[in-house]
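K.L.:
Would you mind keeping the following structure in view while I ask a few things?
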Amino acid sequence: RPSYEEMLRFYSYYKQATAGGCQGPRPGFWDPIGRYKWDAWHSLGGMSKEEAMAAYVAEMKKVAQKVTG
């Protein structure tokens, strides 16, 4: 099973590839999971959708190798 950090990277690459850059406000104090997700997505900055798709696939390959290797 992927680690929590790996899952956040998958989430951020997916959001960047499907919705573009993070535009909304950061979730509030009472939504820590939303804040972690927002931070991960926001950290990608101006990464293009194509770059995000490639990064998602690369991350998937890395995690798959860890599991099978």
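K.L.:
Looking at GLY34, GLY46, which is the one that is modelled with pLDDT under 95 and either in a loop (DSSP other than H, G, I, E, B) or open to solvent by less than 40 Å² (accessible area, probe 1.4 Å) (or both)?
P.N.:
One residue alone meets the criteria, GLY46.
K.L.:
In addition: In region 1-31, which residues are part of a loop (DSSP other than H, G, I, E, B) and either touching a residue at least 24 places away in the same chain (Cβ under 8 Å) or of a type in the set (Val, Ile, Thr) (or both)?
P.N.:
PRO2, GLY20, GLY21
K.L.:
Residues in region 11-31 that are open to solvent by 70 Å² or more (accessible area, probe 1.4 Å) and among the polar types (S, T, N, Q): how many?
P.N.:
The total comes to 2.
The values are calculated or read from the model by the stated rules, or taken from the named source; none is laboratory data. Here the structure is a predicted model, which means the values were calculated and not measured. As a convention, Cβ positions derive from the backbone with ideal geometry for all residues, glycine included, and neighbour counts pool all protein chains shown. Heads up: the accessible areas ignore ligands, DNA and RNA and are worked out on the full protein's heavy atoms, side chains in. Shrake-Rupley method; radii C 1.70, N 1.55, O 1.52, S 1.80 Å.
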